[in-house]
Amino acid sequence: MEKHCTDSQVKGVSTGTTILAAIFDGGVVIGSDSRASIGGEYVSSKTINKVIQVHDQIFCCMAGSLADAQFVTKAAKSHLAFHSVQMENPPLVITAASVLKELCYKNKEELQAGFLTAGWDRKKGPQVYVVSLGGMLVSQPVTIGGSGSTYIYGYVDAKYKPNMSREECLQFATNALALAMGRDNVSGGVAHLVVIQETGVEHVVVPGDKLPKFHDE
Amino acid sequence: YALENIIHLKQIRHINIMLLISFVLMQDGVVLGADTRATSSEVVADKMCAKIHYIAPNIYCCGAGTAADTKKTTELLSSNLTIFSMNSGRNPRVVMAVNILQDMLYRYRGQIGANLLLGGVDCTGNHLYEVDPYGSVDKVPYIAMGSGDLAALGILEDGFKPDLELEKAKELVRAAIHAGIMSDLGSGNNIDICVITRRGVDYIRPYQDSEYKDNRYKKMKYKYRPGTTPVLTEKVVPLKLEVVQETVQQMDTA
């Protein structure tokens, strides 16, 4: 079968995704769906992992071309490991985001990948950064990305409150991902959520049948 | 009309492995399967091509896409891993093979037409990875790739259970490839199976012969006894060799 459609925006496997990150009181939640597609019509993987750990308490979510995103996160991971050995200290979240930003900006002609970086560090606590396609780096308390994000801007703007509790934030993130997956054909599968706090990291997986259902389902 | 079309076709006729390969992770190992047809557009170029390539004693790789690309990429990977093993004294891990492949294919931005499925057993367990020509990697419990993958995937999705036992896993892979062979023109001929477990590798080639095999080959022999072709003349010219110089060097074996 023709696996590499040239009419699609992304060459090869695309993550065609929904990713989000949100700060709550004492930590940050970062999450994504788990679908990888080719040409917008074939689901090449139902269980792809888009939330990658780049350091002990720093995670990033990828969007765009899967090959480009995987390569950039691998390069960033090794860069950060080396950086933390040199500094004799765990890296800051902004450092991780900057590493991704440098790679995306310097190679913007060749790359088609965007990232959300979220984590916890001793200096500033929980933070969320967005590195967009061209290499812009912006810090936000809550952010969404990927093709499925367009369907949940309203929900996120209406429902996000600063200083939510951990459970409220998890519920908010799950609802947002479920809504996006319900409307976007290239987002789907399970919801991967990672909760990062000072005490540690927790990975929550919500399988498709346990996702919240809304009025029309 | 049909002939006209063929004459105007200017296509590079490279040999394609538009094939069918599938994989299943079972209880104590990995089962790889592949068909054995290699095509060059509409002609079958090789009826018994080997699509399951050796990477390391515990790692094998199935390749779909352009035949030359899959063969060369896997050979390069295999030699890289052998050198690494010798240098470090460690057995290669499947995840390392995957990383090397990913780096190589990503560097060439999809120009290397190799869809590879890597499977193997190492000290960390049984692993199956899928690598796309663009360099994206996915870890999977079962997968089919190639032109006949959709048909095979149907069988795999229906029959796959985690921790299958060996005979059931082999039968599942065989059934999946058979479905692909029946539904796809680019796949066909025999089915090869390779079973990798902690104890070793069982490369069964062929696991199942095609029902449409040409039985004439059994009767046709390509060995002819001396004298079948009549000898008209014979001329023998002995080559005279002269010893010009002789030196002896003692090896110090103390």
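So for region B:102-111 (the condition being in a loop (DSSP other than H, G, I, E, B) and either buried (at least 23 other Cβ atoms within 10 Å of the Cβ) or in contact with a Leu (Cβ under 6 Å, 6 or more places away or on another chain) (or both)), does at least one residue qualify? No, every residue in region B:102-111 fails to be in a loop (DSSP other than H, G, I, E, B) and either buried (at least 23 other Cβ atoms within 10 Å of the Cβ) or in contact with a Leu (Cβ under 6 Å, 6 or more places away or on another chain) (or both).
Per the listing B:Asn87, B:Asn115, the residue uniquely within 14 Å of another protein chain (Cβ to nearest Cβ) and either without any contact (Cβ under 8 Å) to a residue 12 or more places away in the chain or assigned to a strand (DSSP E or B) (or both) is B:Asn115.
Taking region B:118-161 as the range and being polar (S, T, N, Q) and assigned to a loop (DSSP other than H, G, I, E, B) as the test, the residues that pass are B:Thr124, B:Ser136, B:Ser147. Determine whether region A:121-133 contains at least one residue that is under 28 Å from B:Arg107 (Cα atoms), part of a loop (DSSP other than H, G, I, E, B) and in contact with a Lys or Arg (Cβ under 8 Å, 6 or more places away or on another chain). Within region A:121-133 (the criterion being under 28 Å from B:Arg107 (Cα atoms), part of a loop (DSSP other than H, G, I, E, B) and in contact with a Lys or Arg (Cβ under 8 Å, 6 or more places away or on another chain)), the answer is yes, since at least one residue qualifies.
Yes or no: region A:44-66 includes at least one residue that is farther than 23 Å from A:Gln127 by Cα, outside any loop (DSSP other than H, G, I, E, B), modelled with pLDDT of 90 or more and away from chain B (no Cβ under 11 Å). Taking every residue of region A:44-66 in turn, none turns out to be farther than 23 Å from A:Gln127 by Cα, outside any loop (DSSP other than H, G, I, E, B), modelled with pLDDT of 90 or more and away from chain B (no Cβ under 11 Å). Evaluate the following for B:Asp158: is it charged (D, E, K, R) and at pLDDT 90 or above? Here the answer is yes, as B:Asp158 does meet what is asked.
Table: residues versus (1) under 30 Å from B:Thr36 (Cα atoms); (2) at pLDDT below 90.
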{"residue": "B:Tyr203", "(1), (2)": "yes, no"}
{"residue": "B:Glu211", "(1), (2)": "yes, yes"}
{"residue": "B:Tyr217", "(1), (2)": "yes, yes"}
{"residue": "B:Tyr222", "(1), (2)": "yes, yes"}
{"residue": "B:Pro230", "(1), (2)": "no, no"}
{"residue": "B:Val236", "(1), (2)": "no, no"}
{"residue": "B:Val244", "(1), (2)": "no, no"}
{"residue": "B:Thr253", "(1), (2)": "no, yes"}
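Within region A:8-47, being over 24 Å from B:Tyr106 (Cβ atoms) and in contact with a strand residue (DSSP E or B) (Cβ under 8 Å, 6 or more places away or on another chain) holds for A:Thr18, A:Leu20, A:Ala21, A:Ala22, A:Ile23, A:Phe24, A:Gly26, A:Gly27, A:Val28, A:Val29, A:Ile30, A:Gly31.
Residue-wise test of (1) within 13 Å of chain A (Cβ to nearest Cβ); (2) charged (D, E, K, R); (3) touching a helix residue (DSSP H, G or I) at 6+ places or on another chain (Cβ under 8 Å).
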position	(1), (2), (3)
B:Tyr106	yes, no, yes
B:Gln111	yes, no, no
B:Gly120	no, no, yes
B:His127	no, no, yes
B:Lys139	yes, yes, no
B:Lys168	no, yes, no
B:Ala175	no, no, yes
B:Ala179	no, no, yes
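State whether one or more residues within region A:148-158 are surrounded by fewer than 18 Cβ atoms within 10 Å (Cβ to Cβ) and either within 14 Å of chain B (Cβ to nearest Cβ) or in contact (Cβ under 8 Å) with a residue 60 or more places away in the chain (or both). No, the conditions are met nowhere in region A:148-158. Can you confirm whether region A:176-186 contains a residue that is farther than 27 Å from A:Lys123 by Cα, in a loop (DSSP other than H, G, I, E, B), at pLDDT below 95 and not acidic (Asp, Glu)? Scanning region A:176-186 turns up at least one residue that is farther than 27 Å from A:Lys123 by Cα, in a loop (DSSP other than H, G, I, E, B), at pLDDT below 95 and not acidic (Asp, Glu). Scoring A:Ala158 on the criteria (1) modelled with pLDDT of 95 or more; (2) under 17 Å from the mean Cα position of the chain (by Cα) leaves a single failure, condition (2). If you filter region B:141-162 down to residues that are of a type in the set (D, E, K, R) and within 13 Å of chain A (Cβ to nearest Cβ), you find that the one that is surrounded by the most Cβ atoms within 10 Å (Cβ to Cβ) is B:Asp149.
The values are calculated or read from the model by the stated rules, or taken from the named source; none is laboratory data. Just so you know, these numbers come straight off a predicted model, no measurement behind them. Positions of Cβ are generated from backbone atoms using ideal geometry, with glycine treated the same way; all protein chains shown enter the neighbour counts.
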